[in-house]
Every structure is written in structure tokens, then in C-alpha cells.
Amino acid sequence: MLEEVERWLNSRSWSAADRPLGRLLEAKRQTGRTVSVVLPALNEEATVGAIVAAIRAGLMTDAVGLVDELVVLDSGSTDRTAEVAAAAGARVVHRDSVLPRIPALPGKGEVLWRSLLVTTGDIVCFIDADLREFSTTFVSGIVGPLLTDPDVHFVKAMYDRPLETGGVEGAGQGGRVTELVARPLLNLHWPQLAGFVQPLGGEYAARRSLLERLPFPVGYGVELGLLVDALHTVGLDALAQVDVGVRKHRHQDGQALGRMAAAIYRTAQLRLARGHLVRPRLTQFDRGEQGFVPRTSDVDTEERPPMAEIPEYAARRAA
């Protein structure tokens, strides 16, 4: 298995610089493929505007038309996320307005799943809305292989992920849930995927023809679930990763990371043995005046079916 991972790393790991923008535009012209960029957003007014503005200015001009559609999918924000994103030039869609016959559930995967119904691109690119110092290379880098190589169906971004504590950045120390939960799970149970540098990263692109066939965990497990299911659907050689530099973003506190870890483990466990389920709740502790106080949360357990099975999506495709 190690030899297969090394072979894959040599043949399916690239740098964004390997595909200059001019080459991508020519490939897009020749293939006629269209590109949609989706930003799932929940209370990201501080960062979403700059990301949208950069994509509009760098990838959606008359001279550089790499991106055809830019959608911010608002997951119920209570701040000015929608207003800021619209002012910067995005089409803003509220989660609850998409497929209203199915009540929306909280979670990132939920909005990613629903985004397939409000976008039209042959290639769909997901970008987290909390990135700081955003570069359009995040988009062009991961879209590139899908435009130039017909055998590639799913591309993850890889990057350095510094952890900022007390105003000081620790190089390579971000991605704590990746290192403590996701990477061990993948290495033990899906060793073919051991070569992915950032398996839980929120920046990835895929062909719509693949995404519409995959189930979507509604919460934090969505990245692991899509990666594992893509492996089983199209095979390892249809998956790739591209180095896009450095990713800076808002970091979660320890308890939020615990909830993420539980959801990711649950997602993996469902794929390993659907008939034997762990307890889908997580108890954490806060210190109160009288000592430690338990707080129990539900772990994300719902998954949405492949979008191709939804009648409204099928009708739109037929039309």
C-alpha cells in the first residue's frame, strides 16, 4: 500500500504554479466547461467580502473569465454576512430558500449539498468563508486539474496551516483535528488516502457529475465523507491535490474541536459498519462555581442522499 501511495503522490500531487492561468483559460475555452464557486458562510462578515471581491476582480473579468458563477450560501447568519457578500458582488442564497420541502438542518455539509441545486457549473469549487489574506490561487489551483485532465474528478487543496496563539504563529501547527482524528482514521481504514496532506480542508473542487452521486453528511464530517466516498466511486487515480501555499483562518476553541472530532469519527464509523453505531452524543465539561459542569451535545448523524436522487434536481437537469 505504501508503494501505491507514493505512486499516487508522484502522479496526482501538484503545485498551483504547474498550471499557469493562461493554460487554464485555454483549456476552459476548448472544453466549454463552466465553473461555479460556492462559499458556505455562517457569521463571516469580517472575511467574506474580501474573498468575494478577490474572486470577482481576479477570476471573473472580461480578460480572465475562469469563474462563471460565485454563490455565497448563507447558513443562517445573524450578522451582516449576506449584506457584505452581496455588496462585494456575490449572489447570496439563504439555506432555507433552497429545497424548502425538506427542512434544513444545521451544519456545513447541509449547505454544500443544497448548493448543487442553486449552481450550474460543470465544476463546483468550495471555499471556506473565514479565510484571511485570501489568494485566488486557492480557486485556480484546485480547479486547474479538472480543466486540463479529464481523468481527474476530485481535487483537494493542500497548504501550510499555521496556528495563531497570543498573536504568535506556530508554523504547521494548525489542523489539530486532522492530525489527532482524521489522519489516523484514514491511515488505518483507508490507507489509499494516506497521501492527502489536508483531508479535512474546506477548499476543494469536483466535477458535478461526481458530487451529484455522493451522499453529504450534514455537519463537520462532510469533508471526510466526500473524500472516502469519492475514492469508492471513482478510484484513487481520479483524486488529486494541489499545493496553494498558506491558509490562514479563524481557529475554533477546544470544545468546538471536540464536537468536530466526534462528528468526523461518526462519519467514518458509518462507512465502516453501518449496522453497528456508536452513541451519537458527546459530553464535554465546563468549570462552574461548584466544579465541573457536564454539557452534552448531539453528534451530527444525518446525511443527505445523492443529489441525483432528488426529484427537483432531476427535473432541473432534464430541463
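Just so you know, all these numbers are worked out from the coordinates, no wet-lab data involved. None of the values given here were measured: they were computed from a predicted structure.
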If the convex hull of the alpha-carbon atoms of the range 1-144 is projected onto planes in all directions, what is the mean projected area in square nanometres?
10.5
Expected-Rg normalisation [2.2 N^0.38 Å, Cα atoms] applied to the chain
0.98
Please report the Cα spread of the range 55-139 along all three principal axes, rounded to whole Å, starting with the longest.
41, 29, 19
Expressed in angstrom and ordered largest first, the alpha-carbon extents of the range 172-259 along the principal axes are 36, 28, 26
Need one number: % antiparallel among DSSP beta bridges in the chain, to the nearest 5.
50
The range 66-205: antiparallel bridges as % of DSSP beta bridges, rounded to 5, reads 65
Sequence neighbours fewer than 8 away in the same chain don't count; with that in mind, list the lysines whose C-alpha is under 23 Å from Lys28.
Lys156
Whole angstrom only: what separates the Cα centroid of the range 12-52 from the Cα centroid of the range 100-131?
16
